[in-house]
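Here the structure comes first, spelled out in structure tokens, and everything after it is commentary.
The values are calculated or read from the model by the stated rules, or taken from the named source; none is laboratory data. What you are looking at is a predicted structure, and each value in this text was computed from that prediction instead of being measured. Cβ: placed from backbone, ideal geometry, glycine included. Neighbour counts: every protein chain shown.
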Amino acid sequence: MRAKINRGKQYKAFADSVKKQAIITLTPNKKSIEQCKEKGLPIQPLKLRLIRVELEGDVEVLITNLMDEQAFPAQVFKELYHLRWGVEENYKRLKQWVEIENFSGKSALSVKQDFYAKVLTSNLTAMVANAFLLYFKLAYY
């Protein structure tokens, strides 16, 4: 994931450094520990890898749990970072247009049904739109 540099001292310090990558440990604060305990989630610290991606005049800090530097060298993350754009735009479309987070019920079954119905509807709409565009391309060229 992409780190918000202004949201954490460790991220900011790493962004300001010249390091290409670093291993950090995130320890939950008191409020996070309470919320995790309420929800039955683990509270142990997380070991994460920060990776620096230099763009034109900008630096992005990526966070991953892929620790194996041989299998996942830091330089491959720049290409992966650029490939994320289409995925992020799809999430934005699902959240804003399809309202994927707006469920008709509160049970696990109703959330699943709503989710799958909205994804299906979104895919069908994309298929119709692509067929429509293809038809007009072929008809007018």
Residue in segment 97-141 that is surrounded by the fewest Cβ atoms within 10 Å (Cβ to Cβ), counting only those that are of a type in the set (Lys, Arg) and more than 22 Å from the chain's Cα centre (by Cα): LYS106
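Is it the case that LYS95 is out of contact with any Asp or Glu (no Cβ under 8 Å at 6 or more places or on another chain) and either charged (D, E, K, R) or part of a helix (DSSP H, G or I) (or both)?
It is false that LYS95 is out of contact with any Asp or Glu (no Cβ under 8 Å at 6 or more places or on another chain) and either charged (D, E, K, R) or part of a helix (DSSP H, G or I) (or both).
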Would a scan of segment 57-79 turn up a residue that is touching a residue at least 24 places away in the same chain (Cβ under 8 Å), surrounded by 13 or more Cβ atoms within 10 Å (Cβ to Cβ), among the acidic types (Asp, Glu) and in contact with a strand residue (DSSP E or B) (Cβ under 8 Å, 6 or more places away or on another chain)? yes
Could you pull out every one of the strands (runs of 3 or more DSSP E) wholly within segment 1-78 that has 1 or more residues that are charged (D, E, K, R) and under 27 Å from TYR91 (Cβ atoms)? 46-55, 58-64
Are there any pairs, at least 6 apart or on different chains, whose C-beta atoms fall under 7 Å, with the first in segment 90-111 and within 16 Å of SER122 (Cα to Cα) and the second surrounded by 11 or more Cβ atoms within 10 Å (Cβ to Cβ) and among the small types (Gly, Ala, Ser), and if so, which? LEU94/SER122; VAL98/SER122; PHE103/SER110
Log entry, pairs with first residue in segment 16-37 being within 18 Å of VAL59 (Cα to Cα), second being small (Gly, Ala, Ser), beta carbons closer than 7 Å, six or more apart or on different chains, reads LYS20/ALA74; GLN21/ALA74
One residue from GLY86, GLY105, GLY57 being at positive phi and at pLDDT below 90: GLY57
